[in-house]
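I have placed the structure first, in the form of structure tokens, so that the comments after it can refer back to it.
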């Protein structure tokens, strides 16, 4: 009976993290949309809703801590609880970065800046969203292949940013394209947070701290 209660709580938390991750990817998409389309109203909505959306993170964190403290899970259940806790924290940080992107939309509008938005930004946005979906899916389905795909996509994210930076960095200093690079850096930082999630997801699936094992890390990144 005790194990059934614990399992049900972990399943419920898994459902909550899936909903929260979907909200997060939607906010990334909308924040980048607001920047590309210079949609100030949408940007303000993203910023305004950040605190409310992140309440879901606090709820999940509280649920995870209660499970860890009251049920004292071991082995696989302990790893799952720790992974859910880590993911909720990383998703909260990603949501905050979406708000920063929206702020750049407002700032560039207030300064009257109009500039070309290269496709790299949209590519980075979609890649980041895919990384989140695959990372969360890997945990909930115990699917190592999804985790490999998530971590491998980080290379693509870096490539898109580097291509954009090489093309625009010489004209960004003090110019309108500064915001372009800042948005790219925020999307790259989101990728960093997903890689932080991947550490715990890998630990949950495999049962050891594989991301700190060079051979296994190379396997994930292939």
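No value in this document is a laboratory result; all are computed from the given coordinates. Everything numeric in this text was worked out from a predicted model, so none of it was measured. Note: ideal-geometry Cβ built from the backbone for every residue, glycine included; neighbour counts use all protein chains shown.
Mean sequence separation of contacting Cα pairs (under 8 Å, at least six apart), scaled by the length of the chain, corresponds to a relative contact order of 25 percent. Taking label positions 7 Å along the Cα-Cβ direction at both residue 162 and residue 48, the computed distance is 4.1 nm, reported to one decimal. Here the gap between residue 185 and residue 78, fully extended at 0.36 nm per residue and compared with their Cα-Cα distance, gives a gain of 35.1 nm. Helix 2-36 against the longest principal axis of the chain: what's the angle in degrees, Cα atoms only, rounded to the nearest 10? Taking Cα atoms only, the helix is inclined about 0 degrees. Extension gain for residue 142-residue 26 works out to 39.4 nm (0.36 nm per residue, less the C-alpha to C-alpha distance). Annotation: for a label point projected 7 angstrom from Cα along Cα→Cβ of residue 12, residues of the stretch 53-85 with backbone N closer than 15 Å are 59-71. On the basis of the beta-carbon distance and an R0 of 25 Å, residue 113 and residue 93 show a calculated FRET efficiency of 0.35. Relative to the longest principal axis of the Cα atoms of the chain, helix 40-66 runs at roughly 20 degrees.
In the chain, the DSSP-assigned H stretches of four residues or longer account for a calculated mean residue ellipticity at 222 nm of -29500 deg cm²/dmol, using -39500 (n - 2.57) per stretch and the full residue count as denominator.
Extension gain, residue 19 to residue 37: 0.36 nm times the residue separation minus the Cα-Cα distance gives 3.8 nm.
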